[in-house]
Structure formats: structure tokens, C-alpha cells
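Presented below is the structure to which this report refers.
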Amino acid sequence: MGNPGIRRNRYMPSTIIANATIVTGDAARNVIHGGAIAITDDVISAVGSSADVIASNPGAEVIDGRGKAVFPGLINCHAHLVNVLSRGITEDFGFPPDLPFPVSIYSLISDEERITLATLGAVEAIRSGSTTLLEMASGIDVYAASIAGTGLRLILAENTDDGVVGPDYRPGQPPSGYSAGQRDTKLRRAADLFSSWHGARDGRVTCFASAQLVETSSPELLAEVRAMAERYDTGYTIHLAQSRLEIDTMIATRGLRPSNYLAENDFLGPRLVAAHCRYVDEGEIAALGEARTHITHQPAMAALRAVHPPIPALRDAGCIVGLGTDNNTQDMFEVMRTALRTERVATGNAISPQPEDVVEWATMGSARALQMEERIGSLETGKKADLFMIDMRRAHLVPTMRIVSSFIHNGQPGDIEAVMIDGKWAMRDGRVLTVNEAELIDEVDRIGRRAWTRMIEQHPDVPFSLNLSPG
Ligand SMILES: [Zn+2]
């Protein structure tokens, strides 16, 4: 192919990855064999044939990309980084978990432990090809600096709610009431996060507003969350229709299904990224589509919950759909593969989606859902230099004539050897450069054992067996 708009920069030395397969992720889904990508500062300054890109960037550092493929960085629209603590535990008990813990495990950890857990989650995200991640949680201010330090592009969404619940609350249950004081406290914490982080790290970190759950959000809270997003000209998010219990609760308490309750309170619309939408009926799908609501689909977690949300119908109705991981894992590679397989099973269609479709969902789809499509989501001149590079010379990948298909069907996150975010290497030659990963892994293993030991010591009647042997 030709040489689409090389932008020369005479002053800054660029980095060029040359002689590689460039999966551009552009609208035409161009894949350039023997191609090159030039990065100047934090942006992509050229994409094209190696000869053209090298000739137009004299003095650039040239990295030989022979045997490598470069993809646009993956964009995770829905993550809870600290929840790596529940790995191996909450995946197997449904949602809300059919496992009656008397208190949340997250009430048994210190701020220091929270920082370490979240940072490990961010490292996992980078290792599996993510360059952007929306973190939705409570108390993000505790660990924001640490996860920003990993180099990830972040959207921080501090949860708010005003539903009054006890320590053993399970999502989906009705709150006992609503508290204006609690609402103000949570909104203030979210506003503080905006003050500290919206636009921080040269714009690499931004914020979203967030109402955590439909069932713990009063109409007043929903109005405040939407107003907060409008004030900062950003988006907002919520968990929506994630369990059957939530549907039953909303009908019992509000006389409306969850999406209809949000519609009635003017909460739907293109600033909203609604997570899950697993149990939406035809009327809700129409309402979500009509309002041009954005959806984030977590196919791997949905599959664990034995459900495939009506994603094709939501897309047909006009929703933009991005992808996310949800709890316990940050592996967007697994998410793409699961999105392809579960949708084929759910629709009985063996030729749709195609691997190129799921790559688009995890890149441009997610970028559109987060309203960042002008800056990220594809390898095109002028966009942010967010990318990952895989080693194609692997027993499970060759031959590599159709690398997108080979990678989605047969690849592994371990094929990813380098990740660049905002023009900086966060990982290179298989090594994460921004943290001491080995120490982090040891520490998280210790934290997990300590926290779950605390749970069992404090609540010996927990009907749950764990092998808590040290080491
Ligand atoms: Zn979630």
C-alpha cells in the first residue's frame, strides 16, 4: 500500500519499528507486511512501507521488527484492579456469589495492600496487551499514583452510591434506604479524584463519573453523576443488568426494569458506558439503542456466569460496544478470544464474528465507547503511540500469512514481548520496565494468603475450604 500522510518532525529523533507486520486497525483494516511505524514523542508520526518511513525520518532509532507483528493497544472499558485478591475464589460461585461471606474480603486489607494488588493488576494488563484501562472502584485515590506509575493510560471512575447497605451486602439486593449524607460524601470523594487526576500525567490519566449499581442509586444520585460528567466534559459508567436478582429488585422497588429506571431518570445517552447488560429485554435494548448508550461487554466474566448478553441486538439497536475484563483478571487477549467464541455459540453462526471484528471491538470499539476514538484505538498517523508487539516465530502461530486470525485463535498473551504507551516502552523484551514485577508477585501472594486467613480466623463458620498452607 502507499504511504498515508507521513508527518515529518525535523527536531525530535523518532523511533521506528521496521520490517514488521503492522496491523493498523484502521477503518479499512489494513495490514502492512514489511511495514514500519514511526513514533515521535507520544504520537505515531508515520505508518507505511519500511523504505518510505525510514527515508522520511533520518536520524531515527530503527528497531528491527522482522518476525514481529505490531497491533494497536487493547482498551479495557471495565476493570476492578484490586479484585485480583479474589482470584480462584469468586469465579466459581455465580453472581452475586452464592458464597455467604459475612464481610467483604476487601474490608480486611490495608491501604498498602490495596496499592500492591492494584499495581499487580495493572502489570497483568500491560503484559496482556492493554494500553488503556478504565478502573471502576471505590477509594481509587489510595492507589492512583501507583497504577499511573506503571505507564498505563487510565480512566479512573470513582464509584458513588447512596443506598444504605450492611457489611454482608450482595449486589442485586435492595438497600435499606437512601442517605443524602452518604451521597454527598461519595460525590465529594469522586470530585476530589477529578481535581487530582483528570488530565494528569500529560493527559494520560483522566476520570469518569460513576454510579456503582443501579439498585443503590437514587434518582438524585443519578442526576449528580451525570452532571459531574457534563461538568468535566467526560463520560460516566454504571453496572447495569448484571444479575437476575438486580432485575427482580428493581421491579419490586421501582416498578421498572433497570434500564427503564435509568431512562426515566435521564441517565442513558452517549456519555454513559453501561457495563454488562446481561439481562436486558427488547424494550430495554430499544431504549439503550435509541439513547445511543455505550455498552461495555465482559464476555469472559459473562461466560463464567453462564450468560451471553444480547450483544448483537444491542449493536443493531445503535449501541457502540467496547470490551472489558471485570473482576479477577485483566487479560484482554482472553477477552477477545472469548468474545469470538461465545458469540458464535450464542448465535449459531460459525463465520461471525471474525478475528478482525473482535480486534476492532477491543481497540476502536472500546475507544469509541470511552469517547477517545480521536486519540487512540488504531495505528494511524497523529494518534497516540499505544501499541503492542508480538513475536510471530512461535510454534503455535506459524505460518503467519493471516496473523490476526492466527493470533486470536492460537495466540497467547506470552507472545506479547513489548508494549508502548504514550510513546514510552512499558514493557520490552518480555520485561515490564516500570515496576519490580518479581517483588510484586511475591507480595501479592503473601497478601492473598494473609487476607483470606484473616477472613477464616475472624469468621470460622465460613462454609468454604481453602488451602492456606504458606508458600
Ligand atoms: Zn464490574
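None of the figures in this text is laboratory data; all of them are computed from the coordinates on show. Since this is a predicted model, take the numbers as computed values, not measurements. Every residue, glycine among them, receives a Cβ derived from its backbone with ideal geometry; neighbour counts consider all protein chains shown.
Once you reduce region 291-316 and region 35-68 to the center of their Cα atoms, the two points are 37 Å from each other.
Can you sort V70, V53 from fewest to most other Cβ atoms within 10 Å of each residue's own Cβ? Walk me through the numbers before you get to the answer.
Details: V70 23, V53 26.
With the fewest neighbours first, V70, V53 line up as V70, V53.
With K and R counted +1 and D and E -1, the other residues having a Cβ less than 14 Å from that of V462 yield a net charge of -3.
Backbone phi angles across region 235-241, fed through the Karplus curve with coefficients 6.51, -1.76 and 1.60 (θ = phi - 60°), yield HN-Hα couplings of x, 9, 9, 6, 7, 9, 6 Hz in residue order; Gly and Pro are listed as x. Whole angstrom only: what separates the Cα centroid of region 171-196 from the Cα centroid of region 428-447? Value for the Cα centre distance between the two parts: 33 Å.
Placing pseudo-labels 7 Å out from each Cα toward the beta carbon at E264 and A306 gives an inter-label distance of 3.1 nm.
Fewest-first ordering of W361, W425, W452 by other beta carbons within 10 Å of each residue's beta carbon gives W425, W452, W361.
Would you kindly state how much longer the chain becomes between R29 and E61 on full extension, computed as 0.36 nm times their sequence separation minus their alpha carbon distance, in nm to one decimal?
Values: separation 32, 0.36 × 32 = 11.52 nm, distance 2.70 nm.
Full extension of this stretch gives 8.8 nm more.
Between S146 and R341, the simple spin-label model (points 7 angstrom out along Cα→Cβ) gives 3.3 nm.
Computed about the Cα centre, the dipole magnitude for region 247-360 is approximately 160 debye when only Lys and Arg (+1) and Asp and Glu (-1) carry charge, each at its Cβ.
Would you work out the charge dipole size for the chain about its Cα centre, treating the Cβ of every Lys and Arg as +1 and the Cβ of every Asp and Glu as -1, and quote it to the nearest 20 debye? Write down the numbers at each step before the final one.
Values: 44 positive and 59 negative charges, 206 e Å.
About 980 debye.
Given +1 on the Cβ of Lys and Arg, -1 on the Cβ of Asp and Glu, and no further charges, what dipole in debye does region 327-457 carry about its Cα centre, rounded to the nearest 20?
Values: 17 positive and 21 negative charges, 29 e Å.
The calculated dipole for region 327-457 is roughly 140 debye.
Taken as Cα centroids, region 378-398 and region 200-234 sit 33 Å apart, rounded to the nearest whole angstrom.
Counting Lys +1, Arg +1, Asp -1, Glu -1, what net charge surrounds P96 among other residues with beta carbon under 14 Å of its beta carbon?
Details: positive: R170, R244, R278, R305; negative: E91, D92, D98, D168, E215, E246, D248, D326.
So the surrounding residues net to -4.
With only the Cα atoms considered, region 74-369 has a convex hull volume of 118 Å³ per residue. Residues S196, S138 in ascending order of nearby Cβ atoms (within 10 Å, fewest first): S196, S138.
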